[in-house]
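Below: one structure, written as structure tokens.
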Amino acid sequence: MKPVKKKKTEEPELEPLCCCEYIDRNGEKNHVAACLCDCQDLDEGCDRWLTCKPVQPETCEKITDTISDRLRIPWLRGARKVNISIVPPLVLLPVFLHVASWHFLLGVVVLTSLPVLALWYYYLTHRRKEQTLFFLSLGLFSLGYMYYVFLQEVVPKGRVGPTQLAVLTCGLFLILLALYRAKKNPGYLSNPASHDKSLSSSQIECLLKKEQEKTKGFPGTDTLGGLNNRSLKDDMKGSSRMGAGSPAKVKEDWCAKCQLVRPARAWHCRICGICVRRMDHHCVWINSCVGESNHQAFILALLIFLLTSVYGIALTLDTICRDRSIFTALFYCPGVYTNYSSALSFTCVWYSVIITASMAYIFLIQLINISYNVTEREVQQALRQKTGRRLLCGLIVDTGQYNRGFLRNWHQFSTLGTHAVHAPAEHIV
């Protein structure tokens, strides 16, 4: 008998989506117009709220997930999902600033509550180890909105010349360019394509035993291919992180989530979910890590922002509070709330001062860390383990591990990311 050939089951072709249709989180086709239909979680939450009953945390999470899944805009070949965390700054910031312009006391309350709310949201997302676009949206929208208020309320008064406006505009564009560069790959580590299978725990133990057998009887001898004697590529003296034959250090360098051995000063970011070379910290303002490849751009963005912000504040105060110094006008500007335009400009000035002060603190900490050749991640680890040398009430933390002097530290920072090729992760093993 001839073998019967099995017919291949043809998969049904999916119909193309129109601009308002999308596939929801349940895998079903949905429409933007039906965003308020069949929301049992929202109905249950509203019923509990109207009857003064406590709303369960699980219900709040379901409502948030449903809203974030249905918040979409029409687009070609299907509606695009909008991250819900970018919406609050676009709505609340103009409202808060306009309310703060009504009266001096309202300005004090609003401008005091804004940093508190931002810190609360930061600790909430940081505790959950979640990525959020809230702070990136807040930063970019604040830049745009402050520039808009400057053009609408300050420039028409005639105190700002074309050259001054051009300098401020160039500073704004330079900030955006530096942020774009800082948002790029910070130096993510990943297994090369040739590495077919990840190393298992038994393979790691086997490698450890082999390295211990090689170094047994030869104390102080360096094994070039060993896991524990990886010297710093950016350190000309070749000082290693730890001596040979240390299984504990190898286990610390091995990342179980990324399945690779991390090179010196690399860490795993629990928010991004990947290891980063010479990781400094995860910055919520750019929604990315600051590492070996983008640390210089991050510092440059901070510097340009501080210079541009101070220049814009000085121009605004010189316009609305004439014949007064900048510092005096910031704290004493009589009659500024008699005119709504001046009141809004003055409120935006104080909002810019708060943001600038926080960025100046971050910039100062970064300069200190670079001068001592430590990363923020290493500083936090040294404080937890009480291994670093603390100066100026903890403002300066010197681990002493990579510090080669002020000039050499800054030279090393200026050459970050200029090495030709990094060794693949498996070559370290």
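The values are calculated or read from the model by the stated rules, or taken from the named source; none is laboratory data. No experiment lies behind these values; they were computed from the predicted model shown. A quick note on method: Cβ atoms are made from the backbone with ideal geometry, for glycine too, and the neighbour counts reach across all protein chains shown. All accessible areas refer to the heavy atoms of the entire protein, side chains included, with ligands and DNA or RNA removed. Shrake-Rupley method; radii C 1.70, N 1.55, O 1.52, S 1.80 Å.
Ranked highest first by the average count of other Cβ atoms within 10 Å around their residues, in what order do 77-83, 383-389 fall?
In descending order of packing, they fall as 77-83, 383-389.
Each peptide in 255-268, 92-105 receives the mean, over its residues, of other Cβ atoms within 10 Å, and ordering these scores from highest gives 255-268, 92-105.
Can you tally the net charge around Thr387? Count Lys and Arg as +1, Asp and Glu as -1, for every other residue whose Cβ sits under 12 Å from the Cβ of Thr387. Result for the neighbourhood of Thr387: +2.
Ordered by 1.4 Å accessible area with all protein chains kept, Asp24, Asp323, Asp47 run largest first as Asp323, Asp47, Asp24.
If you average the sequence gap of Cα pairs under 8 Å that are 6 or more apart and divide by the length of region 278-429, what percent do you get for the contact order?
Details: 127 pairs, mean separation 34.2, N = 152.
Answer for region 278-429 is 22 percent.
Set against the 2.2 N^0.38 Å expectation for a compact globular protein, region 267-381 has a Cα radius of gyration ratio of 1.39. Derived scalar couplings between HN and Hα for region 255-267 equal 9, 5, 7, 8, 6, 7, 8, 7, x, 4, 6, 8, 9 Hz in order, rounded to whole Hz, by the Karplus curve 6.51 cos²θ - 1.76 cosθ + 1.60 (θ = phi - 60°), x for Gly and Pro.
Let a ≥ b ≥ c be the square roots of the eigenvalues of the Cα gyration tensor of region 334-405; is it rounded (a/c under 1.5), or, if not, prolate (a/b larger than b/c) or oblate?
Details: a/c = 4.63, a/b = 3.81, b/c = 1.22.
Taking the square roots of the gyration eigenvalues as a ≥ b ≥ c, region 334-405 is prolate.
Applying a 10 Å radius around every beta-carbon, put 311-318, 337-344, 291-298 in order of their mean neighbour count, most first.
Values: 311-318: 20.0, 337-344: 16.0, 291-298: 24.0.
In decreasing order of mean packing, 311-318, 337-344, 291-298 become 291-298, 311-318, 337-344.
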